[in-house]
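K.L.:
Can you keep this structure in mind? I'll have questions shortly.
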Amino acid sequence: MSQTHFDNLRDAITSLNAASAADIATKAIAEGVEPVDLITNGIRTGLDIMGEKFSTGDCFLPELMLAGRAADSAVAIIEPAMLASGNADEKLGKVVIATVKDDLHDIGKNIVALMLRSAGFDVIDLGCDKSKEEIFAAAEENNADIVGLSTLMTTCMAIVPEFIELLKAKGVRDKYKVLVGGAPLNPQFAAEAGCDGYAADASKCVEMAKELMGIAA
Ligand code: B12
């Protein structure tokens, strides 16, 4: 039963139909499908297909934008269900999260922020296209425990080691745990950049954030 919802949601995204994506998400949630499974097996699968089509020249920027909007419309439906099913009232720690400078991809980052909130973290989401200085300032201002950096663009990856260098230059490297994610990153890149962790998806990010805060899973 769930698989049908996943397939329908994937197809709504690849056919760029935001109304249908919202409708399918609404039905699936009402039938008790796990919010996180809808995201992983429906939304992400649909967007991955669009990414492949874009690479091979089978779709173009306007289609990617519409697919992104269809994904956003489903996430908007899933969000309250996810918050309700989690432990949003816990106080596990404070996370400042952003997509880095020159990168406008925020769907994955928004999902990560949502799942962290649902798990009980206090999340300050700075949005996208944020410089290392802006992210650092927000971490200081909010007395964050964890800083999360998201990037989907290979051309923007360099900001990750630069952010770590900035923390060192300010003498506060040990004050923050730095977690990174996004399609072009990997554990080796994160380790070489001096980060505290890398996670390939939002569920892993929650696990890792808890681990970094010394909270048993
Ligand atoms: C949708 C999309 C867009 C939308 C974005 C809408 C939005 N609001 O985000 C729009 C149309 C705006 C767009 C624009 C562009 N895009 Co685009 N886009 C995509 C696409 C298809 C899907 C991305 C997505 O949302 N995936 C779904 C989410 C759920 O997955 P995710 O982001 O990976 O996030 C998960 C994990 O990575 C992880 N995670 C994410 N962030 C974080 C953070 C932390 C701290 C942690 C721990 C984990 C974590 O958890 C998330 C949830 O599980 C990808 C292809 C792909 N397969 O990824 C291309 C892709 C990323 N885009 C690409 C390109 C080239 C562009 C453009 C340059 C195109 C152009 N010619 O203008 C522009 C760039 C604009 C800019 N300056 O940023 C390339 C990037 C190539 C590269 N490696 O550099 C890709 C890979 C497509 C391709 N195959 O060529 N894009």
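K.L.:
Being surrounded by 15 or more Cβ atoms within 10 Å (Cβ to Cβ) and of a type in the set (S, T, N, Q) is the filter; apply it to the range 150-163 and report the residue that is nearest to the ligand (Cβ to nearest atom).
P.N.:
In this case the residue turns out to be 150.
K.L.:
Next question, about the same structure. May I ask you to list the residues in the range 127-137 that are open to solvent by 10 Å² or more (accessible area, probe 1.4 Å) and either out of contact with any Asp or Glu (no Cβ under 6 Å at 6 or more places or on another chain) or part of a loop (DSSP other than H, G, I, E, B) (or both)?
P.N.:
Correct list: 127, 128, 129, 130, 131, 133, 134, 136, 137.
K.L.:
Could I ask something else about it? Quickly run through the range 88-111 and pick out the residues that are β-branched (Val, Ile, Thr) and open to solvent by 30 Å² or more (accessible area, probe 1.4 Å).
P.N.:
Answer for the range 88-111, where residues must be β-branched (Val, Ile, Thr) and open to solvent by 30 Å² or more (accessible area, probe 1.4 Å): just 107.
K.L.:
Here's another thing I want to ask about it. Please state which of the following conditions residue 133 fails to meet, knowing it meets all the rest: (1) within 11 Å of the ligand (Cβ to nearest atom); (2) acidic (Asp, Glu); (3) more than 30 Å from residue 29 (Cβ to Cβ).
P.N.:
That leaves (1) as the condition not met.
K.L.:
A follow-up question, please. With the structure loaded, tell me whether residue 210 is within 11 Å of the ligand (Cβ to nearest atom), part of a helix (DSSP H, G or I), open to solvent by 30 Å² or more (accessible area, probe 1.4 Å) and closer than 20 Å to residue 116 by Cα or whether it fails that test.
P.N.:
Judged against the criteria, residue 210 is not a match.
K.L.:
Provide a single number: the residues in the range 67-111 that are within 12 Å of the ligand (Cβ to nearest atom) and over 16 Å from the mean Cα position of the chain (by Cα).
P.N.:
Total meeting the criteria: 3.
Table: residues versus (1) farther than 18 Å from residue 200 by Cα; (2) part of a helix (DSSP H, G or I); (3) open to solvent by 20 Å² or more (accessible area, probe 1.4 Å); (4) of a type outside the set (A, V, I, L, M).
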site: 26; (1), (2), (3), (4): yes, yes, yes, yes
site: 32; (1), (2), (3), (4): yes, no, yes, yes
site: 42; (1), (2), (3), (4): no, yes, no, yes
site: 46; (1), (2), (3), (4): no, yes, no, yes
site: 59; (1), (2), (3), (4): yes, no, no, yes
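K.L.:
While we're on this one: Sort out which residues of the range 164-193 are over 14 Å from the mean Cα position of the chain (by Cα), of a type outside the set (Val, Ile, Thr), open to solvent by less than 70 Å² (accessible area, probe 1.4 Å) and within 24 Å of residue 92 (Cα to Cα), and write them in order of number.
P.N.:
167, 173, 176, 190
The values are calculated or read from the model by the stated rules, or taken from the named source; none is laboratory data. Quick caveat: nothing in here was measured; it's all calculated off a predicted structure. All Cβ positions, even for glycine, are placed from backbone atoms using ideal geometry, and neighbour counts span all protein chains on display. These area figures cover heavy atoms from the full protein model, side chains too; ligands, DNA and RNA do not enter into them. Shrake-Rupley method; radii C 1.70, N 1.55, O 1.52, S 1.80 Å.
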